[in-house]
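Heads up, the thing below is written out as structure tokens.
The values are calculated or read from the model by the stated rules, or taken from the named source; none is laboratory data. Source: prediction; values computed, not measured. Counting neighbours? That spans all protein chains shown, and the Cβs are built from the backbone with ideal geometry, glycine included.
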Amino acid sequence: MVPITPFSGQHAVVIGGSMAGLLAARVLLNHFKQVTVLERDRIPNFPSPRSGVPQAHHVHILLTQGQRILEQLFPGLEAELAAAGAPEVNWTRDLRWLSIWGWSHEAPSDLCTRPCSRALLEWLIHQRLEQDANLTFSPSTQVVGLVANAQRTVITGVQIKTEQEVESLKADLIVDASGRNSAVPKWLTQLGYAEPPQTVINSFLGYSSRWYQIPDGWQAPWKVMLVQTKPPNHPRGAVMYPVEGSRWVVTLVGVGHDYPPTDEADFLEFTRTVRSPAVHEAIQQAQPLSPVYSYRRTENCWQHYEDLPRLPAHLVAVGDAVCAFNPVYGQGMTVAALGALTLDQCLNQTASKGNSDLQGFTPRFHKQLAQMLAVPWLMATSEDLRWSTTVGPTPSWQTRLMHHYLDRVVQVALDRSHVCRTFWEVIHMVKSPNVLFHPQILLPALGLG
Ligand SMILES: Cc1cc2nc3c(=O)[nH]c(=O)nc-3n(C[C@H](O)[C@H](O)[C@H](O)COP(=O)(O)OP(=O)(O)OC[C@H]3O[C@@H](n4cnc5c(N)ncnc54)[C@H](O)[C@@H]3O)c2cc1C
């Protein structure tokens, strides 16, 4: 039974208790007396994948920007990851990367993260939030609809289905964090609103992953191995990622319907067909710990709430429910963290204007969120548009020019450490892609310096 908040006018509800929902809940606690997170799944009492987050079986890279924001929201989280056995990776020292031009070399940088399983990261954040007396986490609770006022202009709560019954829960702000299959667009149409227009760009990329024990005494000058795909002729790639428990998560990818295999024998065989045998050689020695998991819902999909002329008040959406990315670029959790900061900032602006009724908050938040999403969206989709098999808009001449320029930047990054560092700072969302046009990069990339 979900407790009804005693703080009238001061309750926020989050639909979905995965990464975007937990991070939204963390910032909502800065603004609401009571926050309730409603999650359909049962929550395991130790780090373990659950059915609502099937992606937890696959490599989950938290970019440096994401790690920094999480540390800001949950001080000491990195130390907890270290204590749980997550290794430290410096992304310009410990990554062995087969780029389109060849293998990368070391460069100095402070791009450090603690690779871990997705299940561990979510579990640690969940544990932290559970310590907050103003937060109620309701597992096994499915949201089945929205509740609106008589005029249908304000969302006043949600309808929830627990193991026992269906009931209503009132709230002053409802945050949809229920992921890429969110039912909110459908519920909006039932209230007489339009669904948000969608942009979909699909490179038909598939994942297959298997977990391995890192062999005792394993020695290598790298910790993460990334064998990149290479358009137009090499649609296959692989990544090996070390996580807590001295394990590797090995994820194989194939673009343009060239899906990696789902059975164990063919998994190893596929590693021979990527652009380097290095992954194959490493995992041949290693003990498998899991079956092969596969995943194919990887299209970039943006629900343009910011373009809707009319939306009910007191409802916003965050995370994959607004914009889900092709996961191969590792952006989703970092963008969810940036979205939580946007929510916090927008609520601060509302408070500073003396508004206590959230009037105008929904469209303002979605405009600000869309501004933040523009860069990661461009980064992911313009890469996907390199493949002729991608379904989406035909690449413009500007996109094609950018592909050529970025190829040159990568080539120069292989032997100039400052270019290498800046390139990875952009990939890790620590810096804007604009820095790739600084004369110190532009000139060598154009062969002029
Ligand atoms: C294969 C794969 C690999 C990925 N790899 C990376 C990576 O390397 N790095 C990275 O940063 N990101 C990665 N991502 C993306 C990342 O997982 C998501 O962007 C991130 O988890 C944020 O998602 P979310 O919380 O918005 O939604 P989700 O993680 O999809 O969570 C939605 C939650 O809502 C719950 N829910 C749904 N409907 C209801 C309802 N009606 N009522 C109550 N609860 C409900 C679900 O049970 C679930 O817990 C990957 C994604 C995939 C698919």
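Please state which of the following conditions Gln411 fails to meet, knowing it meets all the rest: (1) polar (S, T, N, Q); (2) closer than 29 Å to Ala183 by Cβ; (3) buried (at least 16 other Cβ atoms within 10 Å of the Cβ); (4) away from the ligand (no atom under 16 Å from the Cβ).
(2)
Please go through the range 385-420 and give me each residue that is out of contact with any helix residue (DSSP H, G or I) (no Cβ under 7 Å at 6 or more places or on another chain), in a helix (DSSP H, G or I) and more than 27 Å from Arg93 (Cα to Cα), ordered by number.
Answer for the range 385-420, where residues must be out of contact with any helix residue (DSSP H, G or I) (no Cβ under 7 Å at 6 or more places or on another chain), in a helix (DSSP H, G or I) and more than 27 Å from Arg93 (Cα to Cα): Trp397, Gln398, Arg400, Leu401.
Condition check ((1) in a helix (DSSP H, G or I); (2) in contact with an Asp or Glu (Cβ under 7 Å, 6 or more places away or on another chain); (3) within 12 Å of the ligand (Cβ to nearest atom)) across all residues:
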residue: Thr273; (1), (2), (3): no, no, no
residue: Arg310; (1), (2), (3): no, no, no
residue: Val328; (1), (2), (3): yes, no, yes
residue: Asp344; (1), (2), (3): yes, no, no
residue: His366; (1), (2), (3): yes, yes, no
residue: Ala370; (1), (2), (3): yes, yes, no
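How many residues are farther than 16 Å from Asn149 by Cα and aliphatic (A, V, I, L, M) if we restrict to the range 301-320?
Selection size over the range 301-320: 4.
I'd like the residue in the range 51-102 that is more than 19 Å from Ala278 (Cβ to Cβ) and charged (D, E, K, R) and, out of all such residues, is nearest to the ligand (Cβ to nearest atom).
Top of the filtered list is Arg68.
Output the number of residues of the range 195-244 satisfying the condition of being of a type in the set (Gly, Ala, Ser), touching a helix residue (DSSP H, G or I) at 6+ places or on another chain (Cβ under 9 Å) and not in a strand (DSSP E or B).
2
Please find, within the range 181-194, the residue that is nearest to Asn326 (Cα to Cα) out of those that are in a loop (DSSP other than H, G, I, E, B) and more than 15 Å from the ligand (Cβ to nearest atom).
Ala194
In the range 111-122, which residues are buried (at least 19 other Cβ atoms within 10 Å of the Cβ) and not charged (D, E, K, R)?
Leu111, Thr113, Pro115, Cys116, Ser117, Ala119, Leu120, Leu121
Within the range 9-32, restricting attention to residues that are farther than 10 Å from Asp176 by Cβ and part of a loop (DSSP other than H, G, I, E, B), which residue is nearest to the ligand (Cβ to nearest atom)?
Looking at residues that are farther than 10 Å from Asp176 by Cβ and part of a loop (DSSP other than H, G, I, E, B), I get Ser18.
Go through the range 369-399 residue by residue and tally those that are exposed (fewer than 14 other Cβ atoms within 10 Å of the Cβ) and out of contact with any strand residue (DSSP E or B) (no Cβ under 7 Å at 6 or more places or on another chain).
Residues flagged as exposed (fewer than 14 other Cβ atoms within 10 Å of the Cβ) and out of contact with any strand residue (DSSP E or B) (no Cβ under 7 Å at 6 or more places or on another chain) within the range 369-399 amount to 9.
If you take the residues of the range 33-48 that are within 11 Å of the ligand (Cβ to nearest atom) and of a type outside the set (A, V, I, L, M), which of them is surrounded by the most Cβ atoms within 10 Å (Cβ to Cβ)?
Of everything passing the filter in the range 33-48, Glu39 is surrounded by the most Cβ atoms within 10 Å (Cβ to Cβ).
What are the pairs, 6+ residues apart or on separate chains, where a residue within the range 71-85 that is in the same structural domain as Ala25 (by TED's automatic domain parsing) has its Cβ under 6 Å from a residue that is among the basic types (Lys, Arg) and modelled with pLDDT under 95?
From residues that are in the same structural domain as Ala25 (by TED's automatic domain parsing), there are no pairs.
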